[in-house]
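The values are calculated or read from the model by the stated rules, or taken from the named source; none is laboratory data. Nothing here was measured: the structure is a model prediction, and the numbers come from that model. Cβ sites come from the backbone with ideal geometry, for glycine too, and all protein chains shown count toward neighbours.
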């Protein structure tokens, strides 16, 4: 039973690294390219949603904040696209 829990923790850790754009132990990363005003949050949600369903937005918000230091939708992350100035 302990080896199963250890294996699950490793899978979760590797998955978090993958979606955070840091290379995993096998050198792969999602390639989201987190950056403010780049559409990276939406890109993450569209890719993760098929695995996580409605939890994808929260998961991607955490990964976005971890990578950029700001939350998606905050005033610091607002672009001018479609909003005038």
(message) Could you tell me how many of the residues in segment 64-79 are crowded, with 17+ Cβ neighbours inside 10 Å and on the phi > 0 side of the Ramachandran plot?
(response) 0
(request) Could you tell me which numbered condition residue 70 fails, if it satisfies all but one of (1) over 19 Å from residue 22 (Cα atoms); (2) modelled with pLDDT under 90? (result) (1)
(request) List every residue pair whose Cβ atoms lie under 8 Å apart, where the two residues are 6 or more positions apart in sequence or sit on different chains, the first residue falls within segment 14-40 and is free of Cβ contacts under 8 Å to residues at least 12 places away in the same chain, and the second residue, located anywhere, is surrounded by 14 or more Cβ atoms within 10 Å (Cβ to Cβ) and in a loop (DSSP other than H, G, I, E, B). (result) 14/24; 22/29; 23/29; 31/21
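So that you can scan it fast, the table gives a plain yes or no per residue for (1) surrounded by 15 or more Cβ atoms within 10 Å (Cβ to Cβ); (2) over 22 Å from residue 74 (Cβ atoms); (3) over 13 Å from the mean Cα position of the chain (by Cα):
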site	(1), (2), (3)
15	yes, yes, no
25	no, yes, yes
31	no, yes, no
41	yes, no, no
